[in-house]
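Trainee: Sharing a structure below in structure tokens format, with a few things to ask.
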Amino acid sequence: MNKIISTIEINSGTIRFVQAEMDAEQAKIINSEEVIYDTKENLTSGLKKLNSKYNISGSLLVTALPRAQVFLKKITVPSGNAQEVKNIVKYEAERYLPFPVETGIIDFYPLKPLSETSPNEVLLIAAKKETIDKYLENFTSAGFYPDQISVTTLAIINLLADVKKEEQIFAFLNFNDNFWEIAIFSQNMLTISRGFSSLDNIENEITNSLSMLNEKVNTIYYVQSKENDNIIKELKNTLHITVSGLAFNMLTGLLLPSPYIINLLPENLKEKILKKRTRKLQLKAIKTAFYILSAILVIFFAFTYYKSSSNREIIRKIESNRKEIIELSRLDEKLETISNYKKNNTLPLEILKEVSQNLPSNVYLRQFNYDNVLNTVIVRARASSYDVASKTAAYFGKSKYFAQVTNKGSYTARVGDKDFVDFELQLQLKSR
């Protein structure tokens, strides 16, 4: 059974929907529709009708925020695997974000395969929690949730990955009602990304964006659409640069396989969706068992007449549901991990023991505080450098005890003639 993936883009007056069947990592579009709405009530009604018609809640649903609503910046972080880099990015985020770290949801996207021996270039991606919550209201009012919230910039990266282009340096324009963005690529790697919430002064903003690159951009690509015709016509008349259309649906960029997936959903909602999907798989497994048992009873009472056909039916049902049964086992294992410390009164001592035994030798633990009410641990420590402090945060992120590591602050402390780094981490324990 092939996986079904749905994508939805909500604009100010339209809902765009595409559904695809994934077969051997290839996306085959099976359904698409555009719904026009003019009120919040019509938006909710439109989403409900799409869900009823195409069983969106029964598929994997991916959606994306416009670039203008997301903070995105290319940064360099120390070497490490995916989990280590994720924790380092969260620790370093306070240096870059224009809003407090605790008010945002943070993820990252590697621009190249991650290296465990040399520094990594990644995109720091973050959105305010209030922005995510407001966007999610569109779906919750219709009775379902997305499984993944991405950003339109990553859809662009996926779209252009397999497009044969003569230029190694080019730009791409994406329009979403009044939102629009420009992405500039050099050597087929995203170098500059900017998003805007108004079409005013679009020519000047494009010119300013192109001037940020120390190389000449000769071609600007865009997705062909009737809604974009007037804007593109104006740009072609005013910009002394080739503007070329691509015959793509922007939403397909969210369907294509990607080496790394970002998700701006809140952690508590990810867990809720995981449990909900587990229950669905359990019900499906029960139905499968019922069908199999029914088939066995039919064989028992009508062995002579239906033996061959019934056996084939049993085998077919087992084979058609094999992936769901395997997925159910995998998800149950994840849920067990989430709650594996329930009713463990010795947990603080176990954590302190692990921290003491595994903390790097050039890090000095100054204070360890366990809060049973908030289910958190506060660690205050002194390190030999900011890099060591970052790697220490990454170490805690790999621990089996912690779900999230938050940097609460760091500063230089001079002791004698040497400079050290004092830092404080808030470690959120996994659900018990």
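Trainee: For residue 208, indicate whether it is outside any strand (DSSP E or B) and either at pLDDT 90 or above or among the hydroxyl-bearing types (Ser, Thr, Tyr) (or both).
Mentor: When the stated conditions are applied, residue 208 passes them.
Trainee: Can you tell me how many residues in segment 31-44 are without any contact (Cβ under 8 Å) to a residue 24 or more places away in the chain and hydrophobic (A, V, I, L, M, F, W, C)?
Mentor: Adding up the residues that qualify gives 2.
Trainee: Looking at this structure, is residue 197 in the same structural domain as residue 242 (by TED's automatic domain parsing), surrounded by fewer than 16 Cβ atoms within 10 Å (Cβ to Cβ) and either touching a residue at least 24 places away in the same chain (Cβ under 8 Å) or in contact with a helix residue (DSSP H, G or I) (Cβ under 8 Å, 6 or more places away or on another chain) (or both)?
Mentor: Against the criterion (in the same structural domain as residue 242 (by TED's automatic domain parsing), surrounded by fewer than 16 Cβ atoms within 10 Å (Cβ to Cβ) and either touching a residue at least 24 places away in the same chain (Cβ under 8 Å) or in contact with a helix residue (DSSP H, G or I) (Cβ under 8 Å, 6 or more places away or on another chain) (or both)), residue 197 qualifies.
Trainee: Taking the condition of being within 16 Å of residue 78 (Cα to Cα) and among the charged types (D, E, K, R), how many residues in segment 108-132 meet it?
Mentor: Total meeting the criteria: 3.
Trainee: Related question: Just to verify a result, which residue in segment 391-432, among those that are under 20 Å from residue 105 (Cβ atoms) and among the hydroxyl-bearing types (Ser, Thr, Tyr), is nearest to the chain's Cα centre (by Cα)?
Mentor: Filtering segment 391-432 for residues that are under 20 Å from residue 105 (Cβ atoms) and among the hydroxyl-bearing types (Ser, Thr, Tyr), the one nearest to the chain's Cα centre (by Cα) comes out as 406.
Trainee: For segment 45-55, state whether one or more residues are in contact (Cβ under 8 Å) with a residue 12 or more places away in the chain and over 16 Å from residue 143 (Cα atoms).
Mentor: no
Trainee: Considering only residues that are buried (at least 19 other Cβ atoms within 10 Å of the Cβ) and modelled with pLDDT under 85, which ones fall in segment 367-394?
Mentor: Listed by number, the list is empty, since nothing qualifies.
Yes/no matrix, rows are residues, columns are (1) within 20 Å of residue 70 (Cβ to Cβ); (2) among the basic types (Lys, Arg):
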position	(1), (2)
182	yes, no
187	no, no
194	yes, yes
212	yes, no
218	no, no
228	no, no
235	no, no
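Trainee: Follow-up. Of the conditions (1) modelled with pLDDT of 90 or more; (2) in a strand (DSSP E or B), residue 143 clears all except one; give me its number.
Mentor: Just one mismatch for residue 143, condition (2).
Trainee: Also, quick follow-up: Taking segment 42-81 as the search range and keeping residues that are in contact with a Gly (Cβ under 8 Å, 6 or more places away or on another chain) and either among the aromatic types (Phe, Trp, Tyr) or more than 29 Å from residue 198 (Cβ to Cβ) (or both), which one is surrounded by the fewest Cβ atoms within 10 Å (Cβ to Cβ)?
Mentor: Among them, the one singled out is 48.
Trainee: Considering (1) part of a loop (DSSP other than H, G, I, E, B); (2) over 29 Å from residue 6 (Cβ atoms); (3) in contact with a helix residue (DSSP H, G or I) (Cβ under 6 Å, 6 or more places away or on another chain), say which one residue 203 fails and leave the rest.
Mentor: Answer for residue 203: the failing condition is (1).
This table checks each residue for (1) surrounded by fewer than 16 Cβ atoms within 10 Å (Cβ to Cβ); (2) assigned to a helix (DSSP H, G or I).
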residue	(1), (2)
356	yes, yes
365	yes, no
396	no, yes
409	yes, no
412	yes, no
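Trainee: Let me ask another. Go through segment 260-276 residue by residue and tally those that are buried (at least 16 other Cβ atoms within 10 Å of the Cβ) and out of contact with any Ser or Thr (no Cβ under 8 Å at 6 or more places or on another chain).
Mentor: Matching residues across segment 260-276 total 3.
Trainee: Please work out if residue 149 is outside any helix (DSSP H, G or I) and assigned by TED's automatic domain parsing to the domain that holds residue 71.
Mentor: Yes.
Trainee: From the list 84, 116, which one is in the same structural domain as residue 133 (by TED's automatic domain parsing), farther than 29 Å from residue 137 by Cα and either buried (at least 19 other Cβ atoms within 10 Å of the Cβ) or in contact with a Lys or Arg (Cβ under 9 Å, 6 or more places away or on another chain) (or both)?
Mentor: 84
Trainee: Same structure, new question: Can you go through 111, 136, 160 and tell me which one is surrounded by fewer than 20 Cβ atoms within 10 Å (Cβ to Cβ), touching a residue at least 40 places away in the same chain (Cβ under 8 Å) and either among the polar types (S, T, N, Q) or closer than 25 Å to residue 273 by Cα (or both)?
Mentor: 136
Trainee: Another question about this same structure. Return a yes/no flag: does segment 29-52 have any residue that is on the phi > 0 side of the Ramachandran plot and at pLDDT below 95.
Mentor: No, segment 29-52 contains no residue that is on the phi > 0 side of the Ramachandran plot and at pLDDT below 95.
Trainee: If you take the residues in segment 246-259 that are surrounded by 14 or more Cβ atoms within 10 Å (Cβ to Cβ) and not in a helix (DSSP H, G or I), which one is modelled with the lowest pLDDT?
Mentor: Restricting to residues being surrounded by 14 or more Cβ atoms within 10 Å (Cβ to Cβ) and not in a helix (DSSP H, G or I), the top hit is 248.
The values are calculated or read from the model by the stated rules, or taken from the named source; none is laboratory data. Because the structure is predicted, anything quoted here is derived from the model rather than measured. Counting neighbours? That spans all protein chains shown, and the Cβs are built from the backbone with ideal geometry, glycine included.
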